[in-house]
Amino acid sequence: MISFETSVRIDRPIEQVFAFVSDPIQFPHWNSAVQAVRRTSAVRGASGETAESGSTYSMERELPSGRVENGLEVFVRKQPTEFGIRTTSGPTPFLYDYGFAADGEDTIVHLDASVELAGVAGMLGPLAARAVRRGVDANFTALKRTLEG
């Protein structure tokens, strides 16, 4: 299991950033590996939001090893400060816990991530960890560009 943290500053209000990042259906718009996400069950919150804790999704990703499918579960959604997802099935289990903080008109998105790499990638240790981190940082750059665009 590898763990790392990273963050990005986005020139948008926290409510807007949180709404976009905490909607798994939007992942393909800013995560280069994600090809498609579909809701498999929805838990509705008091405000009618459907990505509440307990909601589940199916996510198709394109990895170096080929196309894979993961089950996802939202394990926390505290608007507008925290959103977390974890895999429930599929390869490369992960847990992503996003924190959101307003800084003036900007939003700081912080990610605390744990990823389990299998096979050769798992044996590469620190090298694989750096590659995963670079991929996440590239996705954060795409997120920033998408929201500030």
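Looking across region 12-46, the residues that are within 23 Å of ARG61 (Cβ to Cβ) and of a type in the set (Lys, Arg) come down to ARG38, ARG39. Among the residues of region 84-116, the ones that are in contact with a His (Cβ under 8 Å, 6 or more places away or on another chain), surrounded by fewer than 16 Cβ atoms within 10 Å (Cβ to Cβ) and without any contact (Cβ under 8 Å) to a residue 40 or more places away in the chain come to 0 in all. Scanning region 1-38 for residues that are outside any loop (DSSP other than H, G, I, E, B), in contact with a strand residue (DSSP E or B) (Cβ under 7 Å, 6 or more places away or on another chain) and among the aliphatic types (A, V, I, L, M) gives ILE2, VAL8, ILE10, ILE14, VAL17, VAL21, ILE25, VAL34, ALA36, VAL37.
Looking only at residues in region 10-39 that are acidic (Asp, Glu) and over 11 Å from the mean Cα position of the chain (by Cα), the one that is most open to solvent (accessible area, probe 1.4 Å) is GLU15.
Criterion first (modelled with pLDDT under 95, under 29 Å from ARG12 (Cβ atoms) and either in contact with a helix residue (DSSP H, G or I) (Cβ under 8 Å, 6 or more places away or on another chain) or surrounded by 14 or more Cβ atoms within 10 Å (Cβ to Cβ) (or both)) does SER53 satisfy it? Criteria met by SER53.
The values are calculated or read from the model by the stated rules, or taken from the named source; none is laboratory data. Computed from a prediction, not measured in an experiment: that's the story for all the values here. Note: ideal-geometry Cβ built from the backbone for every residue, glycine included; neighbour counts use all protein chains shown. Only protein heavy atoms, including side chains, enter the accessible area calculation; ligands, DNA and RNA are left aside. Shrake-Rupley method; radii C 1.70, N 1.55, O 1.52, S 1.80 Å.
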